[in-house]
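Report on the following structure.
The values are calculated or read from the model by the stated rules, or taken from the named source; none is laboratory data. Remember, predicted model here, so these are calculated numbers, not experimental data. Cβ sites come from the backbone with ideal geometry, for glycine too, and all protein chains shown count toward neighbours. Heads up: the accessible areas ignore ligands, DNA and RNA and are worked out on the full protein's heavy atoms, side chains in. Shrake-Rupley method; radii C 1.70, N 1.55, O 1.52, S 1.80 Å.
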Amino acid sequence: MNKSVLHTDDPHILCLAKLLNGFQPILFEKEDLIAYDCDGFTLHRHLPKAVVFPETTEEVAAVVKYCHTHQLPFLARGAGTGLSGGAIPLNGEVVISLARMRKLLEVDLENRRAVIQPGYVNLKLTNQIANKGYYYAPDPSSQYCCTIGGNVAENAGGAHCLKYGVTTNHILGLEVVLPNGEIVEFGTNGISDSPGYDLVGLFTGSEGTLGITTKIIVRILKNPEGKKTVLAYFDKVEDGSQAVSDIISAGIVPAALEMMDQTAIEGVENGGYPVGHPRDIEALLLIEVDGIEAGIDEQIEEILTVCRARNVREVKVAQTEAERKRWWDNRKTGFGAMGTISPDYLVQDGVIPRGKLPQVLSRIRKISQKYNLRIANVFHAGDGNLHPLVLFDANVPGESERALKAGSECLLACAELGGTITGEHGVGIEKREEMRYVFNDEEIIAQTNIRAVFNPDNLLNAGKLFPTPGKCIEVKQV
Amino acid sequence: MEMQTKTPVLGNYIYPDLPDASKWADCVHCGMCLETCPTYNVTQQEQNSPRGRVHLMKSIAEGKTTLNEQMAKPIQACIDCRACTTACPADVQVGALIEEVRGQLRQAMPLKGWKKMVNNLILHQLFPHQNRLNRLGGFLKFYQKSGLQTVTRKTGLIKIMPDHLVDLESVMPEIKKPVRKRYKDMKVIPAKGEMKNEVAFMTGCVMDVMFTEANQATINVLTRNGNNVTIPEKQVCCGALHFHTGEREKGKELAKQNIIAFEEAGTIVINSAGCGCMLKEYEEIFHDDPEWADRAKAFSRKVQDISKYLVDTGYVAPKSKVNVKLTYHDACHLAHGQGIRKEPRELIQSIPGVELIEMENSDRCCGSGGVYNVLQPDLAGAVLKQKMEFVPDDVELVVMGNPGCMLQMSMGVKKYGNGQRVIHIMELMDQAYQKEEVE
């Protein structure tokens, strides 16, 4: 589509369009913008002013510089699969979509790293290097479509982060456009542990409030020699939780240790990737062990023994790669499958010390009864990262509010049991207020001061990550 | 006081035949569909993604916007390939929703001018009438044989045709006598050897005019495998093109004619993925129509794609060796629409000597989408170009089971290919059987 036919008088839109060279590089009609009014968190919706599609770092910098000069709020968006609202244009931002910056720039096997653009899809990296025997470890459930740029912003986790660590453990260097349009690089040529402050670490998980990532150097790993996966069904959820603790206490570090409760099982079994899990069990565990071939069978044997000691109803090892993949597809589509049993859901992301699993699950049950809303649990049990899914219907008056309160109370339970309010989804809009469960005013001010160093005008992704003004510190600061 | 009957509305959907809100209620906006969508893949814009479209369709019901030309763009840009339905964790029926909303759009913005004329001519005057289609076939045959084709190509007349029509013209198969004419006087085409089953064959409208040989091959393969074949005379176009473009009333009218035409039949066999998918959806389309619901359901459940039918009822593997390297393209309406992936591959691999090279992203849409490649040539062209990157260079044949794909992929092969040939899976099977008869 030709740029000369933009039907608008808005000078900003006309100027922004001139900064970009791609096909149809700017959207500004309401009907096009609706697709960008929220991300994977749907409780807040705001239309952006426009969406732009840069294809190079220079184009991103030009747009940012323009916004900075004209004091237009702006933010970056990848695939829009975030679950805490980090890409929602709360202030009518200019949304800078990085979806067209989706190139794999370099694979450097010798130094075990790859250089990618931020819009590159997570799973594509592993698919691209698999034939050479390598993979990219962080595997959020949305990895089929989420972008690594978004993973960096949210410091995304995933099922296999129990053994291999979350995104921040795999980022070696970043190219960033700062909120004034300046292009900078963090991390010396992808060498880990370079001198000076760890700015790569600071940026990873900053939820798009410090700058916009335009190039990423990631660590890639050699495929493990062997891999085995176990599925265990428990009649009692307490037995399942206890088995989790027992496995870790036995000295095994599984690559992944996942749990789903009865409501979650109902969802995935109604969804697109059913496995045939029994619907009358209270919990299932999905356990994967990988590493050097020798020793895997012993670990599997030990896991089977632990499960049997905890009254497992049935426990089995995947016999084929197809079977293993099916179990994982079923688990990884767990959130989306909630659509089959509820019109809306709110996913929480609390973390607790592993030993507190039985207590927290019983508190969540009570919260569910108190608010009269079903809560499904799909989570990374191994690292104590819970995902209570509060099921509700936004069309029933009052249910959204109740769901938000129930979700918040789940996080309070986690905080009170010695844990925290997010493990991998980020704070975004969703958990701004809950930051108070884990930080006092001084601690929050210390962090907004850091933000002010990079983003002094707060034009970039304002209103995220910290409690809103009104009740709030940002006002007190002034 | 007289009671006024009010037409039910749903937000800003105000026309009869409302979209089914329960379908978008299943979508939780997770985004798992994005990467599988061919139009998202070429534009990277979310209004052109399944999730974006569902969100937009829902926002009309919420009163946030109206049925207008701007909202129509992404809705019309959907190829209806159903890849999102395969990817969706919640099984959201995006394809059916798109068709329902296109029905509303058609009523809100009736076609005007030449578009209306062309639409009427093709969807109302042509496709519903097999004899007229046959006559068009005759005309095309005349066009090809009389030298008119050469004239068009040489005189420069072709230069004033839009690019994509030129491309289409160049790959049009040679038109032959349709099977419905060939077997006009036969009540039953008898099985060769012992009769095991009886099937009613739905010839497809375009299929029978443009791809007669695939239909002939299908009949040969069916009779070779012990099937008595009937071709019910009253059958008409399945209506898929009408539903795709929002002509739902006409589509329903055709569907009813087919339901009646096949009421006596036991199994209905079809060799066109698009038509097969449509026929199976009659059940959903009439589900709340008290008069037709049961009959539509009975009809839909009798429909079988030819590949699955052969594998399910048992077939004789060809005995002669056919030394050929080939690849298989999953037609969207077979793989995503009907979940049929392994049966065609089984048939292909049953032929001795055949080497099947799997194509990466074999179930990615080629951009055909019924008449999509005519209505949205730019996007269809971009989608085709991406698809062709996955077709292996070193194969002779690209095998598939859908006429729309055959035309589109023929264009792809001609433009970007390596001399590969596009062939219907039944033609491949038939050739293998025929070789065995000769030997």
Exercise. Farthest toward the dipole's positive end in the protein assembly as shown, which of B:381, A:143, A:109, given Cβ charges of +1 (Lys, Arg) and -1 (Asp, Glu) about the Cα centre?
Worked result: B:381
Seminar exercise, completed: Shape descriptors of the range A:418-458 over alpha-carbon atoms, Rg and Dmax in angstrom, are 11.4, 35
For this session: Measure nothing but the geometry: give the 0 to 90° angle between the long axis through the Cα atoms of B:50-61 and the longest principal axis through the Cα atoms of chain B, rounded to 10°.
Result: 40
Problem set entry | Out-of-range pairs (alpha-carbon distance over 27 Å; input B:256/B:385; B:192/B:325; B:176/B:256; A:366/B:58; B:256/B:308; A:325/A:464) | B:256/B:385; B:192/B:325; B:176/B:256; A:366/B:58; A:325/A:464
Problem set entry | Area of residue A:327 that stays accessible when all protein chains are in place (1.4 Å probe, Å², to 10) | 10
For this session: Kindly work out what percent of the DSSP beta bridges joining two residues of chain B are antiparallel, to the nearest 5.
Result: 10
Exercise. Can you give the angle from 0 to 90° between the axis of helix A:237-249 and the longest principal axis of chain A, with both taken from C-alpha atoms, to the nearest 10?
Worked result: 80
Problem set entry | Isolated Cys residues of chain B, judged by Cβ distance under 4.7 Å to other cysteines | B:27, B:30, B:37, B:78, B:88, B:277, B:366, B:405
Exercise. Which one of B:278, B:237, B:265 is farthest out on the positive end of the charge dipole of the range B:231-290, using unit charges on Cβ (Lys, Arg +1; Asp, Glu -1) and the Cα centre as origin?
Worked result: B:237
Exercise. Using r as the Cβ-Cβ distance of residue B:185 and residue B:126, and R0 as 25 Å, what FRET efficiency do you calculate, to the nearest 0.05?
Worked result: 0.45
Problem set entry | Unit charges on C-beta of K, R, D, E only; dipole of chain B, Debye | 1400
Problem set entry | Per-bin percent of Cα-Cα distances, the range B:336-439 [10 Å] | 14, 45, 31, 9, 1
Exercise. When only the heavy atoms of the protein chains count and the probe is 1.4 Å, how do B:283, A:301 rank by accessible area, highest first?
Worked result: A:301, B:283
Exercise. On the first, second and third principal axes, largest extent first, how far apart are the outermost C-alpha atoms of the protein assembly as shown in Å?
Worked result: 90, 78, 70
Exercise. What does the accessible area of residue B:345 come to, in Å² to the nearest 10, when a probe of 1.4 Å is used?
Worked result: 40
Exercise. In terms of the Cα gyration tensor, with a ≥ b ≥ c the square roots of its eigenvalues, is the range A:210-306 rounded because a/c is under 1.5, prolate because a/b exceeds b/c, or oblate?
Worked result: oblate
Exercise. Dipole of the protein assembly as shown, Cα-centred, from +1 at each Lys and Arg C-beta and -1 at each Asp and Glu C-beta, to the nearest 20 debye?
Worked result: 2740
For this session: Can you tell me the FRET efficiency between residue B:253 and residue B:10 if r is taken as the Cβ-Cβ distance and R0 is 30 Å, rounded to the nearest 0.05?
Result: 0.80
Exercise. Using a basic spin-label model with each label point 7 Å from the Cα along Cα→Cβ, how many nm lie between residue A:311 and residue B:192?
Worked result: 6.6
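As a test of reading the structure, rank B:231, B:175 by solvent-accessible area (1.4 Å probe, protein chains only), most first.
Descending order: B:231, B:175.
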For this session: Using DSSP, restrict attention to beta bridges with both residues in the protein assembly as shown and report what percent are antiparallel, rounded to the nearest 5.
Result: 65
Seminar exercise, completed: With all protein chains present and a 1.4 Å probe, the order of A:7, A:170, B:244 from largest accessible area down is A:7, B:244, A:170
Problem set entry | Between 0 and 90°, nearest 10: helix A:296-309 axis offset from chain A longest Cα axis | 70
Exercise. How much accessible surface area, in Å² rounded to 10, belongs to the heavy atoms of residue B:115 with a 1.4 Å probe?
Worked result: 120
Problem set entry | Once the Cα gyration tensor of chain B is diagonalised, semi-axes √(5λ) in Å | 35, 26, 23
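From the P(r) of the range A:336-478, can you give the percent of Cα pairs sitting at distances over 28 Å?
25
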Problem set entry | Residue-averaged [θ]222 nm for chain B, counting only DSSP H segments that reach four residues, each worth -39500 (n - 2.57) | -14500 deg cm²/dmol
Problem set entry | Proximal lysines to residue B:181, defined as alpha-carbon separation beneath 19 angstrom and excluding residues fewer than eight positions away on the same chain | B:141, B:234
For this session: Report, ordered by chain and residue number, the aspartates and glutamates lying within cross-link reach of residue A:132, taken as a straight Cα distance under 16 Å and ignoring same-chain residues fewer than 8 apart.
Result: A:106, A:108, A:110, A:225
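Give A:18/A:103; A:227/B:23; B:196/B:250 a once-over and call out the pairs whose C-alpha atoms are over 32 Å from each other.
From the list (A:18/A:103; A:227/B:23; B:196/B:250), the Cα-Cα distance tops 32 Å for A:227/B:23; B:196/B:250.
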